Amino acid sequence: MAAAWTELGRSGIRVPKIGMGTWRMGARPDTEFAAIREGMRLGMKLVDTAEAYATERLVGRALEGSHDAVVATKVLPSHMRRDSIAKACRRSIALLGVRAVDLYMVHWPNPKVSIGETIGAMERLVDAGLVRSIGVSNFSTHQLDEAVHALKRYDIAACETEYSLLVRDAARGIIPYCTRNRISVIAYSPFCRGRLFAPRQAHLLSRLGEVGAAHGMTAAQVALAWTISGPGVIAIPKASDVSHVRENAGALGARLSRREMSYLAEAALSERPIANIIGPTVKLVPSLASAYAAAMRLRNRKSAGHG
Ligand code: NAP
């Protein structure tokens with residue numbers, strides 16, 4: 001068995017190597033509420049949300065009464081200036097119903113705001129007791145290095161980046177950088193948004209099944225075990241279906257051999273990483289993200305019957 005828990009960077013915060021994502025939740029709040037509760041019960045105590053997902057209220061409700069949840073949320077790129085970040089953080093705290101955010105991340109870099117300004121504002125949020133640790137997401141290695149050097153009093157605890165058998169770019173840049181600097185990697189879309197299970201991946205799926213048979217694991221569990229094999233790598237699959245949640249929790253502590261790891265990677269047909277799509281349109285990201293968040297808030301109000 002591999003370690004099922006790790007430390008978030010050097011923050012002292014202990015997290016399971018498999019947590020839960022919540023992007024694209026909100027349309028079926030009762031089902032999703034039950035899924036998050038079940039994941040918590042099974043030990044996936046790290047829950048990832050964001051202003052942009054409009055799922056902070058749902059996450060807050062699902063975590064009510066749990067004292068060991070670790071909540072990660074992210075600030076929209078349009079709220080990255082000193083004053084707006086403090087307001088955004090207080091709003092997230094109110095929606096989540098917590099005293100402080102365990103991990104507060106920059107969702108995407110905003111080319112109009114210096115990394116130094118945002119990171120400085122995040123340090124003040126830690127000083128004020130509103131945030132326990134700082135992270136970034138969708139940063140290149142160069143931008144991450146800039147953030148690391150902009151910090152004066154605290155460390156970057158985590159970098160959230162796309163990483164799965166189908167999208168492995170992080171293995172060539174972000175992951176080695178984070179390992180060298182003791183920063184946790186939070187691997188998002190570990191199932192490549194469900195594409196891992198598509199017919200196109202039949203060859204990979206048959207190998208996942210073959211490796212799984214040797215360990216008593218399912219294909220999905222082996223894919224998660226592959227993703228979290230690095231010492232500081234944590235995966236945050238999203239599952240609204242409670243049977244998926246149970247299956248994912250079953251991969252906590254799983255370990256594959258080096259041979260199995262490369263046998264699987266050899267069979268994967270790579271998918272274009274989302275970061276490559278965001279890259280060229282990065283100037284549009286702040287306004288796109290705000291528009292997306294507004295649309296999600298409206299959709300969630302309607303699903304909750306308040307719309
Ligand atoms: P994902 O976790 O790769 O895939 C989610 C899909 O896989 C859903 O359709 C889900 O179905 C299905 N699934 C989950 N467990 C399964 C299982 N055991 N067997 C078969 N299917 C399974 O996709 P994701 O939502 O993109 O990524 C996960 C989380 O990462 C997000 O929710 C979000 O929190 C975070 N994220 C962050 C960023 C960022 O910019 N920082 C970007 C993307 C994602 P059901 O829902 O029906 O169970």
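Brief remarks on what is shown
- Some residue of the stretch 67-74 being in contact (Cβ under 8 Å) with a residue 40 or more places away in the chain, among the acidic types (Asp, Glu) and at negative phi: no
- Any hit, the stretch 150-160, residues being away from the ligand (no atom under 14 Å from the Cβ), surrounded by fewer than 22 Cβ atoms within 10 Å (Cβ to Cβ) and outside any loop (DSSP other than H, G, I, E, B): yes
- Selection within the stretch 8-56 - part of a helix (DSSP H, G or I) and of a type outside the set (Asp, Glu): Pro29, Thr31, Phe33, Ala34, Ala35, Ile36, Arg37, Gly39, Met40, Arg41, Ala52, Tyr53
- Meets criteria (modelled with pLDDT under 95, charged (D, E, K, R) and not in a helix (DSSP H, G or I)) for Glu271: yes
- Number of the condition not met by Arg81 [criteria: (1) surrounded by fewer than 23 Cβ atoms within 10 Å (Cβ to Cβ); (2) of a type outside the set (Gly, Ala, Ser); (3) closer than 28 Å to Leu252 by Cβ; (4) over 13 Å from the mean Cα position of the chain (by Cα)]: (3)
- Pairs with Cβ under 7 Å, 6+ apart, first in the stretch 215-241 and under 25 Å from Cys178 (Cβ atoms), second at pLDDT below 95 and among the small types (Gly, Ala, Ser): Gln221/Ala254; Ala225/Ala254
- Candidate set from the stretch 162-182 (those that are more than 15 Å from the ligand (Cβ to nearest atom) and either hydrophobic (A, V, I, L, M, F, W, C) or farther than 12 Å from Ser140 by Cα (or both)); member that is surrounded by the most Cβ atoms within 10 Å (Cβ to Cβ): Ile175
- Selection of the stretch 226-245 for residues being within 16 Å of the chain's Cα centre (by Cα) and either within 12 Å of the ligand (Cβ to nearest atom) or crowded, with 21+ Cβ neighbours inside 10 Å (or both) yields Thr227, Ile228, Gly232, Val233, Ile234, Ala235, Ile236, Pro237, Lys238, Ala239, Ser240, Val245.
- Sole exception among (1) basic (Lys, Arg); (2) outside any helix (DSSP H, G or I); (3) at pLDDT 95 or above; (4) surrounded by fewer than 22 Cβ atoms within 10 Å (Cβ to Cβ) for Lys74, by number: (4)
- Scanning the stretch 8-49 for residues that are touching a helix residue (DSSP H, G or I) at 6+ places or on another chain (Cβ under 9 Å) and on the phi > 0 side of the Ramachandran plot returns Gly9, Arg24, Gly26, Gly43.
- Exactly one residue out of Gly39, Gly43, Gly12 is more than 9 Å from the ligand (Cβ to nearest atom) and without any contact (Cβ under 8 Å) to a residue 24 or more places away in the chain, and it is Gly12.
- Selection within the stretch 175-232 - out of contact with any Gly (no Cβ under 8 Å at 6 or more places or on another chain), assigned to a strand (DSSP E or B) and not aliphatic (A, V, I, L, M): none
The values are calculated or read from the model by the stated rules, or taken from the named source; none is laboratory data. Remember, it's a predicted structure, so these values are computed and weren't measured experimentally. Positions of Cβ are backbone-derived with ideal geometry, glycine not excepted, and every protein chain shown enters the neighbour counts.
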